[in-house]
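Notes for the one structure printed next.
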Amino acid sequence: MNIFVCVKRVPDTSEAIVKVDSSGRGVDSSKFSFDINESDNYAVEEAMLIKEAKGGNVRVVCAGTQDADVMIRMALAKGGNSAIRIDDPRINVIDPLQVAKVLAAAIKGKEFDLVLTGCMANDDGNMAVGVALAEELGVPHAAMVKKVEVETGMVKVYRELEGGLSEVVEMELPAVITIQTGINEPRYAPIRGIREAQKKELAVVKLEDLGLAPEAVGEGASLITLENFYIPKVESKAEILEGEPDQKAVTLAEKLVKGGLL
Amino acid sequence: MNTELLTAELQDFIQKHDLYGCIQCGRCTGGCPVTVRTNLNVRRFVYNSLDQSMRDDLAKLPEIWDCTACNTCAVRCPKGLKPVEVLMGLRNILVVEQGTVQTTVRDALESVFLEGNPWSKPRKTRSDWMEGLDVKIAEPGEKVENLIFVCCTVAYDPRVQVLAKNLADLLNKAGVDYGFIGESEACCASEVHHLGEEDLFLEMVESNTELLNEYVADRIVTISPHCFSSFKNQYPAVKAKVIHYTQLIAELLEAKKLIFNKEYPHKIVFHDPCFLGKQNGIYAEPRTILGHIPGAEVVEFERRRERSLCCEGGGGKMWVESESKKERLAETRARDAGALGASILAVACPFCVLTLDDAIKAKGLEEQLRVAELLEIIGALVD
């Protein structure tokens, strides 16, 4: 099995105080800690489990700055064979479609059976890169996967749906799977392994190295524009709707229309 | 035993821990405090470590994680062996190296690697507790008599941040020449060693030694006995002398540079932290401090000093839950303190604060008894 696994370095904002920075278009990250994105960590583990069961190799892909190298080395220490990091400030990283294009360009032209990604990034929460990546690569995908069974030429995956349902999907390989947390138990990367992983290939490339025109993945090509960040005001106003459910639904719909929300 | 059959690695292990020196007398198991609640048998671990195939099975025994590194076994060993270190070595070889550690242990170790503390907190917020306080920061290359090392738990846990705040305040009042390290301080890695990740431990020893030696300090004063024990015993290249804050405070009291001038009318019982007492023989200084507290009645546990009961906070146990459902040793300790009629269970270690706090709640003793670190008590006794 030839597996690619995509990882992202994200801030841990679970307990941090989040403040908008002076530009208004970013977040003050000076007091944050950073780690591999949570579901990407599970994707890395799943890649290693498949490799251990079926043989083959795992390549780590990351679009990010040098700060991400420590997370990439940790993935390599767990059993990854090599890595490629696309380090280019011209990528419009807030747009998942552009990021998907960049990751796809790093994978295209190489043999692959599976591409694993986390199902969601902890920072922007778009849940879009993995799915868009499948589109860019022209292969089938399954998102929010909690169990993977690789068979000859195909893969059977169990998707977690709303309401606790599980959907079983069979796909031909190659395919993209976005991994949900809890699918496995990510292993520990001992420091000795991280040190040994320094010897493994970590290629750092620019857009041109991937044959991508910068304008194709830059801000200009994006349908998304980041205007500004703001912390929503805390308000305590609440209105309880009275009446039968049918009546309440009508009142609610009217209020939403009136308020310009629909 | 035919040593030719042993791998070089096992021979090194045997030599490092002097396993042939063990006479299987049973002094270690006879003193081990956790045997009352778990299957841990130190003697078996030492004996079976001599045999390659048996040794490989040892790490699979869940009780390998029950050791709290309290050091009782080493204190009692008539041959001067350190059975506790055999357990730590086994954790290293057989558990961590295979990557099969509990998730809590994994997260603690990764956090030390990435952020320099085991609590998954940002490196950059390590000094946030100082905000708005008069805390002196030491400068590398400049002379300072007492370089204060805070400890990760004290720096980040709101329950024990008061220890660092009170120490700074007391040192200001006593006119002591001191300086804190600040944001560049990183984990002493004592618990990394006890969780069996020796390579990470050695890396931290190297970077911390470099950091500490940048300062021109007469001595390094630690707040936690765990940092104290680690710097004192496992950092051979650190230039400055290492002491625990209880030694500094006792010295200031005896020199009358610090005078407690407020009453503290409580019945206090002192719990000896293992890493201060059994690991390093510091028993007198905390009692000297207690002896200076006006209005206090100080009583002693029956199990005290070398025989003190461990609170189970050391040896990496902050991140490992024991399989045993029997009463925790910290709960036994809380019960004993209650039976003595004490209203204050005094300790000199942040881990002891956390484990005994929980134990008092678990035993429903909150109405009559509370845990107080010595710095919490004495911080309010000086004008």
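Take A:GLU46 and tell me if it is of a type in the set (D, E, K, R), more than 28 Å from B:ARG126 (Cα to Cα) and within 14 Å of chain B (Cβ to nearest Cβ). When the stated conditions are applied, A:GLU46 does not pass them. Scanning segment A:77-105 for residues that are outside any loop (DSSP other than H, G, I, E, B) and either touching a Cys at 6+ places or on another chain (Cβ under 8 Å) or basic (Lys, Arg) (or both) yields A:ALA83, A:ILE84, A:ARG85, A:ILE86, A:LYS101, A:LEU103.
Within segment A:71-89, residues that are within 14 Å of chain B (Cβ to nearest Cβ) have Cβ atoms under 7 Å from residues that are part of a loop (DSSP other than H, G, I, E, B) and modelled with pLDDT under 95 in these pairs: A:MET74/A:ALA189; A:ALA77/A:ALA189; A:LYS78/A:ARG187; A:LYS78/A:ALA189, counting only partners at least 6 apart in sequence or on another chain.
Looking at B:ASP218, B:ASP199, B:ASP134, which is the one that is over 29 Å from A:GLY193 (Cβ atoms) and outside any loop (DSSP other than H, G, I, E, B)? The conditions single out B:ASP218.
Residue-by-condition table, conditions (1) polar (S, T, N, Q); (2) more than 21 Å from B:LYS124 (Cα to Cα):
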position: B:GLY182; (1), (2): no, no
position: B:MET204; (1), (2): no, no
position: B:PRO225; (1), (2): no, yes
position: B:SER229; (1), (2): yes, yes
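Scanning segment B:55-66 for residues that are of a type in the set (A, V, I, L, M, F, W, C) and either farther than 18 Å from B:CYS28 by Cβ or within 24 Å of the chain's Cα centre (by Cα) (or both) returns B:ALA59, B:ILE64, B:TRP65. On the basis of being over 21 Å from B:LYS241 (Cβ atoms) and charged (D, E, K, R), does B:GLU183 make the cut? Criteria met by B:GLU183.
Considering segment A:106-122, and only residues there that are out of contact with any Leu (no Cβ under 9 Å at 6 or more places or on another chain), in a loop (DSSP other than H, G, I, E, B) and not polar (S, T, N, Q), the residue that is surrounded by the most Cβ atoms within 10 Å (Cβ to Cβ) turns out to be A:CYS119.
For segment A:13-41, the candidate set comprises residues that are away from every other protein chain (no Cβ under 12 Å) and within 12 Å of the chain's Cα centre (by Cα); within that set, the residue that is surrounded by the fewest Cβ atoms within 10 Å (Cβ to Cβ) is A:ASN37.
Looking only at residues in segment A:191-208 that are out of contact with any Asp or Glu (no Cβ under 8 Å at 6 or more places or on another chain) and more than 14 Å from chain B (Cβ to nearest Cβ), the one that is farthest from B:LEU195 (Cα to Cα) is A:GLU208. Looking across segment B:334-345 at every residue that is aliphatic (A, V, I, L, M) and out of contact with any helix residue (DSSP H, G or I) (no Cβ under 6 Å at 6 or more places or on another chain), the one that is surrounded by the most Cβ atoms within 10 Å (Cβ to Cβ) is identified as B:ALA337.
Applying the selection to segment B:166-211, what residues are of a type in the set (Ser, Thr, Tyr) and farther than 23 Å from B:GLU142 by Cβ?
From segment B:166-211, those of a type in the set (Ser, Thr, Tyr) are B:178, B:184, B:190, B:207, B:209; that's our starting set.
Within segment B:166-211, just B:SER190 meets the criteria.
Could you please let me know if B:VAL205 is in a helix (DSSP H, G or I), within 14 Å of chain A (Cβ to nearest Cβ) and in contact with a helix residue (DSSP H, G or I) (Cβ under 6 Å, 6 or more places away or on another chain)? No.
Count, please, the residues in segment A:206-251 that happen to be within 35 Å of the chain's Cα centre (by Cα) and not in a loop (DSSP other than H, G, I, E, B).
Number of matching residues: 10.
Among the residues of segment A:42-56, those that are more than 15 Å from the chain's Cα centre (by Cα) and not aliphatic (A, V, I, L, M) comprise A:LYS51, A:GLU52, A:LYS54, A:GLY55, A:GLY56.
Of the residues making up segment B:167-196, those that are of a type outside the set (Lys, Arg), assigned to a helix (DSSP H, G or I) and away from chain A (no Cβ under 14 Å) are B:LEU167, B:ALA168, B:ASP169, B:LEU170, B:LEU171, B:ASN172, B:ALA174, B:SER190, B:GLU191, B:HIS194. Does B:LEU61 satisfy the condition of being within 29 Å of A:PRO190 (Cβ to Cβ), at pLDDT below 90 and out of contact with any Gly (no Cβ under 7 Å at 6 or more places or on another chain)? Spelling it out, B:LEU61 is indeed within 29 Å of A:PRO190 (Cβ to Cβ), at pLDDT below 90 and out of contact with any Gly (no Cβ under 7 Å at 6 or more places or on another chain).
Across segment A:143-190, which residue is surrounded by the fewest Cβ atoms within 10 Å (Cβ to Cβ) among those that are among the acidic types (Asp, Glu) and more than 14 Å from chain B (Cβ to nearest Cβ)?
A:GLU162
Of the numbered conditions (1) surrounded by fewer than 16 Cβ atoms within 10 Å (Cβ to Cβ); (2) on the phi > 0 side of the Ramachandran plot, B:GLY316 fails exactly one; give the number of that condition. All conditions are met except number (1). Would you check if A:ASP88 is surrounded by fewer than 19 Cβ atoms within 10 Å (Cβ to Cβ) and closer than 26 Å to A:VAL27 by Cβ? No, not satisfied.
Quick check on A:LYS31: is it of a type in the set (D, E, K, R), farther than 24 Å from A:ILE191 by Cα and touching a strand residue (DSSP E or B) at 6+ places or on another chain (Cβ under 8 Å)? Taking the combined requirement at face value, the residue does not satisfy it. Say we look at segment B:112-166 and pick out the residues that are charged (D, E, K, R) and away from chain A (no Cβ under 14 Å); which of these is nearest to the chain's Cα centre (by Cα)? Applying the filter and picking the extreme gives B:ARG159. Of A:VAL131, A:VAL139, all but one fail to be touching a His at 6+ places or on another chain (Cβ under 7 Å), surrounded by fewer than 22 Cβ atoms within 10 Å (Cβ to Cβ) and more than 14 Å from every other protein chain (Cβ to nearest Cβ); the exception is A:VAL131. Under the condition of being hydroxyl-bearing (Ser, Thr, Tyr) and under 22 Å from the mean Cα position of the chain (by Cα), the residues counted in segment B:29-54 number 3. Here the helices (runs of 4 or more DSSP H) wholly within segment B:295-383 that include at least 3 residues being in contact with a Leu (Cβ under 6 Å, 6 or more places away or on another chain) are B:329-339. Restricting to segment B:87-109, name every residue that is surrounded by 22 or more Cβ atoms within 10 Å (Cβ to Cβ), in contact with a Phe, Trp or Tyr (Cβ under 7 Å, 6 or more places away or on another chain) and more than 7 Å from chain A (Cβ to nearest Cβ). Across segment B:87-109, the qualifying residues are B:LEU87, B:LEU90, B:VAL105, B:ALA108. Listed by first and then second residue, the pairs with beta-carbon distance under 6 Å, at least 6 apart or on different chains, first residue in segment A:36-47 and free of Cβ contacts under 8 Å to residues at least 40 places away in the same chain, second in a helix (DSSP H, G or I), are A:ILE36/A:MET71.
The values are calculated or read from the model by the stated rules, or taken from the named source; none is laboratory data. On a predicted model such as this, the values are computed, not experimentally measured, just so you know. Glycine gets a Cβ as well: all are built from the backbone with ideal geometry, and neighbour counts include every protein chain shown.
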